[in-house]
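Read-outs: derived from the displayed coordinates by stated rules, not from any lab. Keep in mind that this is a model prediction, so the values were computed, not measured. Cβ placement follows ideal geometry from the backbone for every residue including glycine, while neighbour counts extend to all protein chains displayed.
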Amino acid sequence: MIAVVAIAADRLTKVFDDGTVAVDGVSFAIEPGQFMVLLGPTGCGKSTILRLVAGLETPTSGHVLIDGEIADSWTAQRRQVAMVFQDYALYPHLTVAQNIAFPLRMGHGPVSEQRIRAVAAELGIAEQLHRLPSVLSGGQRQRVAMARAIVREPKAFLLDEPLSNLDVGLRAQLRADVTGLARRHGVTTVYVTHDQTEALSMADQLAVLRRGRLQQVGPPAQVYGDPANLFVAAFLGTPRTSLLQGAVYAEPDRIVVDLGAQTLDLPVDDPRVAGLAAHHTERVVLALRADAVRLVAAGDTATLRGTVRAVENLGHEALVRVTTGGLPGTPAQSQLDLPDPDVRLAELLAEDPPPRHLRQAIGRIIPQPRRRQPPATARTEYGFYPVYEPDPAGPDTDDDSDLVVRVPMPTSARPGDSVTVEVDLDRLLLFDHSGDRIRLS
């Protein structure tokens, strides 16, 4: 078996010459043979961390450690890691066999035709060894890239979104192949992706990143089920997690989350909600995934009323989108779509006219005082209503306040139906106005 390594980052930071902070004080540890996935939106620093581990970039501060030794000054060859890129990076004038053998010819091990054929057979491309990359499918090219990494028997695999160029069906197949290969060979693996399905299905450990900072790290089930902050809760969830603004009101005989159009009444004697008393009158964001809600005939507590806006038939199940009249959480709260904080908004809007995507993003993010009309009157007895709203000139965001409910097929739900949605208190996620988790008892 290949001798594997442990990989760690200690307050790893990378600032590029133009001042861009790509990685900001990231620390994590990967045990030998473990499969770590770095997950986050585009531009969050995932690939930069991978390049720092590979030795293709030099840290501005902090360290990369391999088997407990600081490896910042080590060459890429000394680190004995193999990197697989998104674009395959195959030599077009070389056959599949020559591409696989290339690292061996560059001094990463003895050239062995038997070894090349064995690796090709393991990846199902033994019949393609004489072909050029130009006649291969995307999946076959990625298998060649994987074979080229495996043949040198590295101590670690570093994979930079290797499946993102493939169609959905092929990605699902290759996900299983990649994880199977890594575990059969027992090789420490760092895998970069923005696809949460890949991350949750492949990882032993999942690290969620945003703007170069580590948000949460842990086993996938733990990160998904127990998100540390609003960003993690909003980023993980298919379909996208529903976010609603509200305020907590705790009375001796009643605890509610006031959503403006209606209240979510919680059982006052339930130990899971007892801790909310400490947050009386505080503004909160309610995060509900599709697996945290269900349609019911009626209910007294932990339910919301709404109208079916759309039904999406997925064959084995349907996604029922229910409008409850609440105010959606803004991108600024969930931190999913923020302009560069180092650029003044006035400068972003200086173009005449400003780019449409900037008008839309900024219109949804900037807190806008109500104009042209008096402040709205709340429709609930507690009097919660938002102190700001998205810019009315911005894009239509009605569907952002939908609750999405998974229901088995066939379903009787139809657009326009009035329905009752019950919330599973074990999966109820609440966050304060800064995005930090409010944990229920």
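Model label points for Thr42 and Ser27, set 7 angstrom from Cα along the Cα-to-Cβ axis, are 3.3 nm apart.
Global dimensions of the range 43-144 from alpha-carbon coordinates: Rg and Dmax equal 16.2, 47 Å.
Model label sites at Gln173 and Ser112, defined 7 Å from Cα along the beta-carbon direction, differ in position by 2.9 nm. Enclosing the Cα atoms of the range 13-68 in their convex hull gives a volume equal to 87 cubic angstrom per residue. When the chain is fully extended, how far beyond the present Cα-Cα distance does Asn313 get from Asp417, taking 0.36 nm per residue of separation? That works out to 35.8 nm of additional length.
Cβ under 13 Å from Gly186's Cβ, Gly186 left aside: what net charge do those residues give with Lys, Arg +1 and Asp, Glu -1? After counting each charged neighbour, the total is 0.
Taking the three principal axes of the alpha carbon atoms in the range 7-234, the coordinate ranges are 50, 39, 33 Å, sorted in descending order. Using the Cβ-Cβ distance between Thr58 and Asp436 with R0 = 22 Å, the FRET efficiency computed as 1/(1 + (r/R0)^6) comes to roughly 0.05.
Only Cα pairs under 8 Å and 6+ residues apart enter the sum, and on that basis the relative contact order of the range 125-235 stands at 17 percent. Placing a label point 7 Å from the Cα of Val135 along the Cα-to-Cβ direction, the residues of the range 142-177 whose backbone N falls under 19 Å of that point are 142-145.
Shown for Leu56, Leu38, Leu65, Leu264: other C-beta atoms within 10 Å of each C-beta, ranked fewest to most, produce the order Leu56, Leu65, Leu264, Leu38.
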